[in-house]
Amino acid sequence: MQIVGEDENANIGYQVLASNIHIDVGRRYHIVVRVSGSSHQVTFTVRDLDTPGATTQSAVVPMDKLAKISQEPRRSSSAV
C-alpha cells in the first residue's frame, strides 16, 4: 500500500509499505489492512478462504511519521 501525507517540513511525502505476505493468483483471500497513525505502523492480515483451516498470516510494518495522511474511500470486499 502507499501512504501519502506531509512530512515535518509540510512537503508531500510518499511511502510504499509491503507486507511480504505471498498470495497466489486464482485463490480467494480475506485481506485486512489497519493503519495506526498513533503508533506509526500498518498491520496486514491475510486468510486463505480456499483452504479449510488455513492459518491467518499477519505482518506489522513501521511507517514514516506523516501528517495529514490522505484517505481514499473505504472499499469492502471479502475476497480478492
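Within the range 31-49, the residues that satisfy the criterion of being at pLDDT 95 or above and of a type outside the set (A, V, I, L, M) are Thr43, Phe44, Thr45, Arg47, Asp48.
Taking the condition assigned to a loop (DSSP other than H, G, I, E, B) and surrounded by 11 or more Cβ atoms within 10 Å (Cβ to Cβ), does Arg47 pass? The answer is no for Arg47.
Does His30 count as more than 14 Å from Met1 (Cα to Cα) and surrounded by 13 or more Cβ atoms within 10 Å (Cβ to Cβ)? So His30 passes the test. Test Gly5 against the criterion of being modelled with pLDDT under 85 and in contact with a Ser or Thr (Cβ under 7 Å, 6 or more places away or on another chain), and give yes or no. Answer is yes for this residue. Can you tell me which residue within the range 50-67, out of those that are small (Gly, Ala, Ser) and in a loop (DSSP other than H, G, I, E, B), is nearest to the chain's Cα centre (by Cα)? Only one residue fits best here, namely Ala54.
The values are calculated or read from the model by the stated rules, or taken from the named source; none is laboratory data. Computed from a predicted model, the values in this text were never measured in an experiment. Positions of Cβ are backbone-derived with ideal geometry, glycine not excepted, and every protein chain shown enters the neighbour counts.
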